[in-house]
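Chemist: Next up is a structure, given as structure tokens.
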Amino acid sequence: MLKIAGLILLGIIGLFILVCAMLLFIPIRYRLNASNAGSSFRMSWFLGFFRLRYADKAFKATVFWFKRIKLKGKSKQTAKGAKSAKKDKNKEGSLLKTLKSAASYPDKGLLLKCTIRLVKRMLKAIKPRVFRASLDIGTGEPDTTGYLLGFAGILQGMFNLDLSVEGCFEEKLFRYDVLIKDLLYCWPFVWALTAFCVRRPVRAIIKEFMKRDDADERNTKTILRRDIRET
């Protein structure tokens, strides 16, 4: 019996590790087209196991290769929703208090370095491999149009963009055609956030936020109990 229980436990752990590895290392494929005529977006994961498409101002999701899901949003305000809204407001208050304490944190230089490093890693992870854009720009004023063309040339040289810009010096005009596609992995984001959270100043701020959150939750429960007793 213990052998069977051990095998079942090992199977559950193995399945959990497999799912985590799939989420971290199987990329999300996406493609974005945007132009004056309209925009479209396609995203797929795990050989099309999950697909999301946006075209003609409508979203379509496909799961298990065949089951289509319509995305609809509902807005209902119930007593439970009001209670959760109150809780969210308390969380916002505790977050503001934590940010204020972070502003008075003595080692702000190290915290700023950690934040800049996190932003750089995030930008590196989301930077697309394929980016093509063609622009036709006209402001109606030749000098302003020339400045914009020069600025576009500087951006093209700095970031090595596949960017084609043409100027129209006679009339106001703005036409664009953009293509972005790439593979997006989850593990760089998890790694960047983990490396950010384990740093000493960030750990101190997280602990402070958790302490304030627990104190606010206890205060909220005390107020609710008092209100129930009074009613």
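Chemist: In whole Hz, with x marking every Gly and Pro, tabulate ³J(HN,Hα) for segment 44-58 from phi via Karplus 6.51 cos²θ - 1.76 cosθ + 1.60, θ = phi - 60°.
Modeler: Here the 3J(HN,Hα) series is 9, 9, 6, 6, x, 4, 10, 10, 9, 10, 10, 7, 6, 6, 9 Hz.
Chemist: While we're here: Check which residues have an amide H placed less than 5 Å from GLU166's amide H, if you skip close sequence neighbours.
Modeler: Counting only residues 5 or more places away or on other chains, the set is LEU135, ASP136, ILE137.
Chemist: Return ILE17, ILE137 ranked ascending by Cβ neighbour count within 10 Å, so the fewest neighbours appear first.
Modeler: ILE17, ILE137
Chemist: For a quick check: with amide H placed at 1.01 Å from N, whose amide H comes under 5 Å from ARG199's, ignoring anything fewer than 5 positions away on the same chain?
Modeler: none
Chemist: May I ask you to sort GLU171, GLU141 by Cβ crowding, counting other Cβ atoms within 10 Å and putting the fewest first?
Modeler: Ascending Cβ contact count within 10 Å gives the list GLU171, GLU141.
Chemist: Please compute the length gained on full extension between PHE174 and LEU24, using 0.36 nm multiplied by the number of residues separating them and subtracting their Cα-Cα distance. Don't skip to the answer; put the middle values down first.
Modeler: Details: separation 150, 0.36 × 150 = 54.00 nm, distance 4.00 nm.
Gain on stretching PHE174 to LEU24: 50.0 nm.
Chemist: Would you mind checking which residues have amide H under 5 Å from TYR185's amide H? H placed 1.01 Å from N; only 5 or more apart, or other chain.
Modeler: ILE28
Chemist: Also: Just to check I understand the Karplus step: with θ = phi - 60° and J = 6.51 cos²θ - 1.76 cosθ + 1.60, what whole-Hz values come out for segment 154-160, glycine and proline as x?
Modeler: Values, residue by residue: 5, 4, 5, x, 5, 9, 6 Hz.
Chemist: Per residue of segment 181-192, what does 6.51 cos²θ - 1.76 cosθ + 1.60 with θ = phi - 60° give for ³J(HN,Hα)? Whole Hz please, x for Gly and Pro, Karplus curve as stated.
Modeler: In residue order, the calculated couplings are 8, 5, 9, 10, 9, 8, 5, x, 5, 5, 5, 5 Hz.
Chemist: Ranking request for peptides 150-158, 191-199: highest mean number of other beta-carbon atoms within 10 Å first, then the rest in descending order.
Modeler: 191-199, 150-158
Every number here is computed from the coordinates shown, using simple stated rules; none is lab data. Predicted model only: the values in this text are computed from it and were never measured. So basically every Cβ, Gly included, is an ideal-geometry build from the backbone, and we count neighbours across all protein chains shown.
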